[in-house]
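Beneath this line is the structure, given in structure tokens, with notes to follow.
The values are calculated or read from the model by the stated rules, or taken from the named source; none is laboratory data. Please read these numbers as outputs of a predicted model, since none were measured by experiment. Every residue, glycine as well, gets a Cβ built from its backbone with ideal geometry; the counts of neighbours run over all protein chains shown. Ligands, DNA and RNA are excluded from the accessible area calculation, which covers all protein heavy atoms including side chains. Shrake-Rupley method; radii C 1.70, N 1.55, O 1.52, S 1.80 Å.
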Amino acid sequence: MNFEIIFVLGVVILMMIALIKEITRPDMIVFGVLVIFLVTGILTPEEAVAGFSNQGMLTVALLFIVAGAIQKSGLVDRGMARVLGTPKTEQRTLFRLLVPISGFSAFLNNTPIVVTLTPIIRKWCNEHNISPSKFLIPLSYASILGGILTLMGTSTNLVVHGLMLDRGMEGYSLFTLTMVSLPASLLGLIYLVTMGYKLLPNHKGLTESFSEKSKEYLIEVVIDENYPFLDNPYVGKTVEEAGLRNLEGLYLIEIIRKKEKIYPVKNSTKIKSNDRLIFTGIIDKIAELQNKKGLSIETGTNLTLDKLKNGTGQLVEVVVSHQSSLLHKTIKETQFRSKFDAGVMAVHRNNERINSKIGDISLKPGDTLLLLTGPDFYGRVLSTNDFYVVTPIEEDHPLLNKNDTKRSWFSILALVSMILLVSFDILSMFKAMSVLVILYLVFKIISPDEAKKNIQFNVLLLIASAFGVGEALFKTGAADWVANKLILLADPLGVLGLLIFLYALTAIFTEMITNNAAAVLMFPIALEAANRLSIEPIAFLVLITIAASASFLSPIGYQTNLIVYGPGGYKFSDYIKVGLPLSLIVMITTIVMVHFIWIS
């Protein structure tokens, strides 16, 4: 082992530690490592930037736009609403839901599918007195099982495909993965509606939990009308002047003034006599308000979430995303109220409310926020990828999508046409998606601004940077060294043992460092291992491709798991309890199929 190999492996290990500890956003960490390899001469400038022009990475960018257009059409969510219908049995309804979700996810980015369907399923569950936690993890897992079925099912498949093309290999066809992953997906769906359903918890989401315990979370304070008007230290002053913005542990979310409800409350809002001030936060800090002259704390108040709303706002639940610009900042630092026209009422993490002053909470991926929104909230949220909105827009909301039916169906038919052209090898995936995006723009299915918003640039930066990290592993011989050690370790079990080690290592990486990064890091190791054993490389590459997407053990390993984490009221342990048997089913089935098709 020479110095270059030691250096590269050392930097990669440090990168993985940084990703696990969530020091900063994953794309920034991987890009930083790419810069290190560039500056130290491990990579040439051409090698470092090659990932930014990789066909697989660019296809992922196009698929973000396509998925956004299909989501905008509203056909998927309207179709799923009909599928749910009136339940005869919960498990039968779950099966009817999961099969089409897997089918859609085979051809569309599963993240917008899960984002769209989460509020619909929660609403349906509440209407039928069913715990959403019985349906939301299966929703995420079914979308993942669908994603491993085809080349375009998930970005990870396209990433490995792009790496294969860069190495002069043929790459995947649209259905190369299907013959391996279809048995695993079918067995996985059967597990989810049988044993998996029984293992799922009966949890309540943040909104339901908050509603039941609103008296524990909310304090009502009245500007005392009996206090001498001229001497009242609050009347006529702004919220900031009155010192009500920076109270210890308490957060002013709303002012009720006769029939008017003011939220989110601005610093410049003036206080009037008889105003009712609604605070949330650490209720133990109520003594701070009791000691203030001119304020009267209402005891025995019957505040509920519905009573806090008015006609222009809504109670909304959001989940902080992996790519959020809010990560590792406190709510106060983000200027959340003014940025999004919404006040934060509560923050949940790992199914527990964070009992701290709202403004001092530092946000992490998967945090669920309960918001009291103003009229501009949805307009502002359309221009950000900071979080996923998991509450349905009210039916009379002016921003509710009312896209015309002809354009909606055109978007679907155009997608199906391109899929057929790829299936018959008339067009490559990249060319087909390029044509499809142009059609969507020409026929105004989606606007240029909407297309730009749908592209997750941080994901693309992570993928492109990870290509450079993978190239460093190849170039220095680090991948060959690791592959040799894996072969020696698995030698007592032969090729089957190596398949198990490769799959398990990839699956562990994807739970810790994101699926795309795991696939790129394992690609050179799998390829070198195949070359050393004179086995068709596609056998090992299909294996790691499926393993990199089969993330069932944690909420942070895959975006769709993160989306349902808070809305389902799940704990981290719920993913392990339900996901471990599913992981073993997919692992065993994939290894058996790969061994049968390419090795035996």
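Some values worked out for this structure:
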{"item": "Three-way shape call for the chain based on the alpha-carbon gyration tensor, with the a/c threshold at 1.5", "result": "prolate"}
{"item": "Residue-normalised accessible area of the chain, given per residue in Å² at a 1.4 Å probe", "result": "41"}
{"item": "Sequence-distant residues sharing a close amide H with residue 329 (under 5 Å, placed H)", "result": "363"}
{"item": "Per-residue HN-Hα couplings for segment 261-272 [Karplus 6.51, -1.76, 1.60; θ = phi - 60°; Hz; x = Gly/Pro]", "result": "10, 10, 6, x, 7, 8, 4, 8, 5, 8, 9, 10"}
{"item": "Residue order for 195, 57 - accessible surface, 1.4 angstrom probe, largest first", "result": "195, 57"}
{"item": "Reachable lysines, given that their alpha-carbon falls under 23 Å from the alpha-carbon of residue 198 and they are not under 8 places away in the same chain", "result": "88, 123, 134, 571, 577"}
{"item": "Accessible surface ranking that places the most exposed of 481, 598 first, with a 1.4 angstrom probe", "result": "481, 598"}
{"item": "Shape call, segment 1-147: gyration tensor on alpha carbons, a/c limit 1.5", "result": "prolate"}
{"item": "Estimated inter-spin distance, residue 329 and residue 384, nm [label 7 Å along Cα→Cβ]", "result": "0.8"}
{"item": "Exposed trypsin sites (Lys or Arg not before Pro) absent - longest run of the chain, DSSP non-H/G/I/E/B, at most 11 other C-beta within 10 Å", "result": "89-257"}
{"item": "Between helix 457-476 and the chain: long-axis angle, C-alpha atoms, 0 to 90°, nearest 10", "result": "30"}
{"item": "Amide hydrogen neighbours beyond the local backbone of residue 254, cut-off 5 Å, H modeled", "result": "278"}
{"item": "Under Karplus coefficients 6.51, -1.76 and 1.60, residue-wise ³J(HN,Hα) of segment 584-599 in Hz, glycine/proline x", "result": "5, 4, 5, 4, 5, 5, 5, 4, 4, 5, 4, 5, 5, 7, 10, 10"}
{"item": "The chain: calculated mean residue ellipticity at 222 nm from DSSP helix runs of at least 4, using -39500 (n - 2.57)", "result": "-17500 deg cm²/dmol"}
{"item": "The chain - percent of accessible surface contributed by carbon and sulfur, probe 1.4 Å", "result": "59"}
{"item": "Accessible area (Å², 1.4 Å probe, nearest 10) - residue 298", "result": "80"}
{"item": "Rounded, prolate or oblate (a/c below 1.5 giving rounded, otherwise prolate when a/b exceeds b/c) for segment 409-564 by Cα gyration tensor", "result": "prolate"}
{"item": "Pairwise FRET efficiency - residue 297 versus residue 21, Cβ, R0 = 41 Å, nearest 0.05", "result": "0.45"}
{"item": "Residue 328 - accessible surface, heavy atoms, 1.4 Å probe, Å² rounded to 10", "result": "70"}
{"item": "Solvent-accessible area of residue 172 with every protein chain in place, 1.4 Å probe, in Å² to the nearest 10", "result": "10"}
{"item": "387, 501, ranked by accessible area, largest first (probe 1.4 Å)", "result": "501, 387"}
